[in-house]
Amino acid sequence: MDSDKLLEVKNLETTFFSDDGNIVAVDQISFSVRAGEIVGIVGESGCGKSVTSLSIMGLVPNPPGKITGGKILLNGRDLTSLSEKEMRKIRGKEMAMIFQEPMTSLNPLFTIGNQLVEALSIHHKMWFKRRAKKRAMEMMKLVGLPRPKELMKEYPHQLSGGMRQRVMIAMALICDPKILIADEPTTALDVTIQAQILKLMKDLNKRLHTAILFITHDLGVVAETCERVIVMYAGQIVEEAPVKEIFKNPQHPYTKGLIQSVPDMRFKKDSLHSIPGNVPKPGSIMTGCRFAPRCQFAQERCLQENPPMYKATDGHEARCFLVEEKAGGEVYDELVVES
């Protein structure tokens, strides 16, 4: 493992088993996150973003889901080889996750204070109760929550959506994890609160040097927050590049379609650009490029072969035969899992 890579995902495959057949939700994806870096994963609903995050955290429900291939390395340690007991020691302490909807993630029967202190009681068993409460209130102040002493005694339903999301961030960061996975943490919030949460996460990233894997379908959030972007489609990574590069020079037709679909207030348009068709249903993918049925540039070859990742420029790769033609056939070497 490279010394600067905190998290490495190598040829990850996650499969769901059902009576109608096996569905590969995440198909041989590889990427890495460096210490202190903010990386975004974008794509439409059903592309495999959330399953990727759950796979990394070891939270894929089994049955019906299971990691069926690849490795997930955190500081060089393969998480896929660990037992559930060993994973519980890592979750919250070395890596943590902010879920999409804070109201369903917080337990309505326990106070905010109890839920914040719980993580400390699991990972720091030698701490006295007073020290744990002090740490919880410090984290609440850090994420911008007012009157932390009073909030410790309140229940989730007594807080606004923005305050609950801040509690979730405080809970995720309370044990100083090295990497934070945020699964669309601003989806249920209004625009003003969303901007505050994004600013908060960027500030915490700089202050605590916590790496963030930011999962979203909002390209505006990616442009404002992330340093590097991974675009997923139908369970595969189709493009990866630094954020400025991907907006300036997108290589994959799917990425171009996503960017063109973003409203631009500078220009008046009769209608927004839309990508025709829908993401293929899981388990319905046969052969060829998975985006080919929706792609205006698709050729016969695209219907027969699934393209590999081609190198467009340094640090910029895309899974498209159009990139092969531009790059002269230079194929990006995908990560290979060591036996």
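Go through Lys71/Lys248; Lys93/Lys134; Lys129/Lys153; Lys66/Lys281; Lys85/Lys129; Lys49/Lys281 and tell me which ones have a Cα-Cα distance over 21 Å in this structure.
Numbers: Lys71/Lys248 32 Å; Lys93/Lys134 18 Å; Lys129/Lys153 15 Å; Lys66/Lys281 19 Å; Lys85/Lys129 24 Å; Lys49/Lys281 15 Å.
From the list (Lys71/Lys248; Lys93/Lys134; Lys129/Lys153; Lys66/Lys281; Lys85/Lys129; Lys49/Lys281), the Cα-Cα distance tops 21 Å for Lys71/Lys248; Lys85/Lys129.
Any of Lys5/Lys244; Lys141/Lys202; Lys149/Lys178; Lys5/Lys256 with alpha carbons more than 23 Å apart? Name them for me. Mind dumping the intermediate values first?
Numbers: Lys5/Lys244 21 Å; Lys141/Lys202 16 Å; Lys149/Lys178 27 Å; Lys5/Lys256 29 Å.
Where the Cα-Cα span goes over 23 Å, the pairs concerned are Lys149/Lys178; Lys5/Lys256.
By counting other Cβ atoms within 10 Å of each Cβ, how are Ser81, Ser32, Ser55, Ser121 ranked from fewest to most?
Fewest to most other Cβ atoms nearby, the residues stand as Ser81, Ser121, Ser32, Ser55.
Taking θ = phi - 60°, what integer Hz values does the Karplus form 6.51 cos²θ - 1.76 cosθ + 1.60 yield along the range 168-179, in sequence order, with x for Gly and Pro?
Going residue by residue, I get 4, 5, 4, 5, 5, 9, 5, 9, 6, x, 7, 9 Hz, with x marking Gly and Pro.
Given a 10 angstrom Cα cut-off, can you work out which residue in Pro293, Pro64, Pro308 is the most mobile in a GNM of the chain?
Pro64
Tell me, Thr216, Thr15, Thr187, Thr255 in order of fewest to most beta-carbon neighbours within 10 Å? Walk me through the numbers on the way to the answer.
Working: Thr216 22, Thr15 17, Thr187 13, Thr255 25.
With the sparsest Cβ surroundings first, the list reads Thr187, Thr15, Thr216, Thr255.
Assuming R0 = 45 Å, can you tell me the calculated FRET efficiency for the pair Lys89 and Glu227, based on Cβ-Cβ distance, to the nearest 0.05? Could you put the intermediate results ahead of the total?
On the way: r = 29 Å, r/R0 = 0.65.
So, using R0 = 45 Å, E works out to roughly 0.95.
Set the Förster distance to 35 Å, then compute FRET efficiency between Met126 and Arg34 from the Cβ-Cβ distance, nearest 0.05. Intermediate results must be reported in sequence, preceding the final value.
Values: r = 32 Å, r/R0 = 0.91.
According to the calculation, E is roughly 0.65.
Could you tell me how many degrees, from 0 to 90 and to the nearest 10, lie between the Cα long axis of helix 112-123 and the main elongation axis, the longest principal axis, of the Cα atoms of the chain?
Approximately 80 degrees, to the nearest ten.
Which of the three applies to the chain, rounded, prolate or oblate, going by the alpha-carbon gyration tensor with a ≥ b ≥ c and a/c under 1.5 meaning rounded?
Details: a/c = 1.96, a/b = 1.55, b/c = 1.26.
Taking the square roots of the gyration eigenvalues as a ≥ b ≥ c, the chain is prolate.
Need one number: % antiparallel among DSSP beta bridges in the range 5-327, to the nearest 5.
60
Can you sort Asp27, Asp314 by how many other beta carbons sit within 10 Å, fewest first? Can you show the working numbers first?
Working: Asp27 20, Asp314 9.
So the residues, fewest neighbours to most, are Asp314, Asp27.
Here, each number is a calculation from the coordinates, and none is a lab measurement. A quick note: this is a predicted structure, and the numbers were derived from the prediction, not measured. We place every Cβ from the backbone using ideal geometry, glycine too, and count neighbours over all the protein chains shown.
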